[in-house]
Amino acid sequence: MDKSLIRVTFQPMNRWVDVPKGTPLPVAIRLAGIPIESICGGKGLCRKCRVILVQGTCRTEIPEGSHVLPEEEREKGHYLACQVVVTGECEFTIPVESRIDSPKILISSSLKIKEISPVVARFPVEVTPPGDGPASHRSIRLKGYTGRRPEMSEEIHRQILTAREPLLATLLTADDPPKVLFTEPETVSRTRYGLALDLGTTTVVGCLTDLSTGEIVTTGSTLNRQITYGEEVLTRIGYAKTPGGLSVLQKSAAESINAVISAIRQDGKIGRDDIVCMTVGGNTVMNHLLCGIDPGYLEMANAEVSRSPIIQKASGLELGIHPDAPVYCLPNVSRFIGGDAIGDVIVSGILRSKETALIVDLGTNGEIILGNEDWLASVSCASGPAFEGAGITAGMRGMKGAIDHIAISPSDGDVTFSVIGDVPPRGICGSGIIDIASEMVNAGILDFAGKLVASHQKVRSGPEGSEYVFLDEGKNATGHDLVITQRDIDYLVDSKAAACGGIAVLLKKYKVSPAEIRHVYLAGAFGAYTDIKSAINFGIIPEFEHAEYHPMGNGSLSGAYAALMSRACREEADRAASMMVYIDLLVDTDFIEEYSAALYIPGKPYLFPSSAGRSH
């Protein structure tokens, strides 16, 4: 080992890394390849990156405005990783609640394509006149192809003219002019594959598809490696402003995608050049960061965003597929309505129906779309990652050890729950958080103004004020009580008011009553795992008494799959992006009124008629 370096060891994974003295601990953790919670991007605000110093030396650097752990925790060697600089050889334990592992990732690719028409096609090659005459006297034609004359490399041109057996040419029709990617003998032609990808803020999910049949051959997923630079998109925009930050984030996105590609290729036993096109569903910031486009202007309200799809070559993004493969990003609409929301539109079929419908996609950021075949309107709300389990004291991602559903008996306060993986719980994920908020209201633990009821037997005074103990330390894997604090409730109420307020703004501006909504499409994990009754009871979404609710899975991935397999779906994506009205809630006067009303549980009586008497 270089004597100028010091060794930092991490338990219980038994990994170490040698770094210079004075290295920030998050840098060492990243170099060791350990994913760790960092919702605030290292600002010391989320308090999720807890570590325990076992031995060795370090110092803390606590920026002004950062949170400080309680003294009793500091005395036990507990630190926030983002506040630690290593000064000598040391060993840290990363506790279970700080680790990111075994995520429960929703993969849904059930969208049916009526007519398969990918942008990559295969045609028989015909050389006239046949024989070995001079190349200048011979012409090359692709049988069955009509369109602009395609271009090809000199090497492919030579292969065709010297071939001794019939060839097939794989043509990329998305380029202008079209381009021949490669040729192969008709007798040994290989399968052409495409990759549809959901580039999420938290996770990256891909499905490998046979372009001839539309069959999904295999899937893969990983965590987005940008997480360690901040979990929220605004935090990453801020990081992109730092020297070299944009390059780091672009590389992290590419590395994440390549990890999925590597797993998929190994599983499918296919070569790099067999994957000849890729489509990506991602929010506006993710699209910018993947393609190396400075996202700084997206911080401005009403920023003008291009609604044309971003298309780049795989080689330019350093992605491990055919170098000339086009990477098509579903088009963006605004700074916070991106290709992932357009994917939701394609999957829902809202543009192919006369009935008015609502799409709700609540993740790290919330996207809400209202409309039908004639019109579309959208808002984005700062729901934050609360509904994904982040920002909550006992919150965690939907992975092994997370409570995903919970019930509280109003009579005696007994708690029953289910846990992902059937293991001792170590936290509660988004669907469980929505359940517990609703159950706390029903059990009289939480009042209509969003305040914990101090007289309840399970409510006590904690380091940050009142807190509700929903699981004692002996009944979980963390070694301490699992609690919901008043601060957590305030965050949840703020998040639910943003979502409900955003929906109310769309209904108000387009003069649509809740009773007129016929279909509600719920995207992502929120739609797949959330109990709708809990979401309505807590006031996240209004009552739509005449609507059918449709969980639609991963709309971003399914939308990318649709764009991969169908030119018609690409045209639909372009139409959706061009016609969609975007209302920026940051500068909308109606939103203040609707948001303020939604701070009560559940909210305005006309939105929640069944609970009207409870709110006031």
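State yes or no: is L351 closer than 25 Å to K508 by Cα, assigned to a helix (DSSP H, G or I) and not small (G, A, S)? When the stated conditions are applied, L351 passes them.
Considering only the stretch 274-308, how many residues are in contact with a strand residue (DSSP E or B) (Cβ under 7 Å, 6 or more places away or on another chain) and more than 19 Å from Y229 (Cβ to Cβ)? First the steps, then the outcome.
Start the filter on the stretch 274-308 by keeping residues that are in contact with a strand residue (DSSP E or B) (Cβ under 7 Å, 6 or more places away or on another chain), which leaves 274-282, 286-287, 290-291.
Now drop any that are not more than 19 Å from Y229 (Cβ to Cβ), which leaves 274-281.
Adding up the residues that qualify gives 8.
One residue stands out in the stretch 171-188 among those that are more than 32 Å from the chain's Cα centre (by Cα) and among the hydroxyl-bearing types (S, T, Y): the one that is surrounded by the fewest Cβ atoms within 10 Å (Cβ to Cβ), namely T187. Of the residues making up the stretch 71-94, just one is within 33 Å of the chain's Cα centre (by Cα) and part of a loop (DSSP other than H, G, I, E, B), namely I94.
Of the residues I484, I434, the single one that is part of a strand (DSSP E or B), of a type in the set (A, V, I, L, M) and either modelled with pLDDT of 95 or more or within 20 Å of A598 (Cα to Cα) (or both) is I484.
For residues that are surrounded by fewer than 24 Cβ atoms within 10 Å (Cβ to Cβ) and of a type in the set (A, V, I, L, M), scanning just the stretch 412-431, find the one that is modelled with the lowest pLDDT. Looking at the filtered set, the residue picked out is I420. The residue list T219, T242, T209 contains one member that is on the phi < 0 side of the Ramachandran plot and either buried (at least 21 other Cβ atoms within 10 Å of the Cβ) or assigned by TED's automatic domain parsing to the domain that holds C82 (or both), which is T209.
Counting only residues that are touching a residue at least 40 places away in the same chain (Cβ under 8 Å) and among the β-branched types (V, I, T), which one in the stretch 266-311 is nearest to T201 (Cα to Cα)? Among those residues, the one meeting the criterion is V285.
Residues in the stretch 559-603 that are surrounded by fewer than 20 Cβ atoms within 10 Å (Cβ to Cβ), out of contact with any Ser or Thr (no Cβ under 6 Å at 6 or more places or on another chain) and among the basic types (K, R): R575 alone.
Determine whether T191 is modelled with pLDDT under 90, within 34 Å of the chain's Cα centre (by Cα) and among the hydroxyl-bearing types (S, T, Y). Here the answer is yes, as T191 does meet what is asked.
Whenever a residue of the stretch 155-177 is over 18 Å from D274 (Cα atoms), its partners that are among the acidic types (D, E) and outside any helix (DSSP H, G or I), lying with C-beta atoms within less than 8 angstrom and at least six residues away or across chains, give the pairs P177/E151. For first residues located in the stretch 327-343 and on the phi < 0 side of the Ramachandran plot, partners that are among the aromatic types (F, W, Y) and lie 6+ apart or on another chain with Cβ distances below 6 Å form the pairs V333/Y582; S334/Y582; I337/Y582. Within the stretch 215-259, being of a type outside the set (S, T, Y), touching a strand residue (DSSP E or B) at 6+ places or on another chain (Cβ under 9 Å) and at pLDDT below 95 holds for E215, I216, V217, G220, L223, N224, R225, I227, A259.
How about the stretch 1-28: which of its residues are closer than 15 Å to G56 by Cβ and in contact (Cβ under 8 Å) with a residue 24 or more places away in the chain? Answer for the stretch 1-28, where residues must be closer than 15 Å to G56 by Cβ and in contact (Cβ under 8 Å) with a residue 24 or more places away in the chain: I6, R7, V8, T9, F10, Q11, V19, K21, G22, T23, L25, A28. Regarding the stretch 115-128, can at least one residue be identified that is of a type outside the set (A, V, I, L, M, F, W, C), over 31 Å from the mean Cα position of the chain (by Cα) and modelled with pLDDT of 90 or more? Within the stretch 115-128, one or more residues are of a type outside the set (A, V, I, L, M, F, W, C), over 31 Å from the mean Cα position of the chain (by Cα) and modelled with pLDDT of 90 or more. For the stretch 61-72, the criterion of being among the β-branched types (V, I, T) and more than 22 Å from Y239 (Cβ to Cβ) is met by at least one residue. Within the stretch 145-169, the set of residues being of a type in the set (V, I, T) and not in a loop (DSSP other than H, G, I, E, B) comprises I156, I160, T162. Taken residue by residue, the stretch 15-29 has at least one member that is assigned by TED's automatic domain parsing to the domain that holds K76, touching a strand residue (DSSP E or B) at 6+ places or on another chain (Cβ under 7 Å), of a type in the set (A, V, I, L, M) and over 24 Å from V68 (Cβ atoms). Considering only the stretch 170-218, give the strands (runs of 3 or more DSSP E) lying wholly within it that have at least 3 residues that are β-branched (V, I, T). Filter on the stretch 170-218 gives 203-210.
Applying the condition of being surrounded by fewer than 20 Cβ atoms within 10 Å (Cβ to Cβ) and among the charged types (D, E, K, R) to the stretch 83-98 and asking which residue is nearest to G44 (Cα to Cα) yields E91. The residue that is farthest from R190 (Cα to Cα), among those in the stretch 129-144 that are modelled with pLDDT of 60 or more and not in a loop (DSSP other than H, G, I, E, B), is H137.
The values are calculated or read from the model by the stated rules, or taken from the named source; none is laboratory data. Because the structure is a prediction, the values reported are computed rather than measured. Quick reminder, even Gly has a Cβ in these numbers, built from the backbone with ideal geometry, and neighbours come from all protein chains shown.
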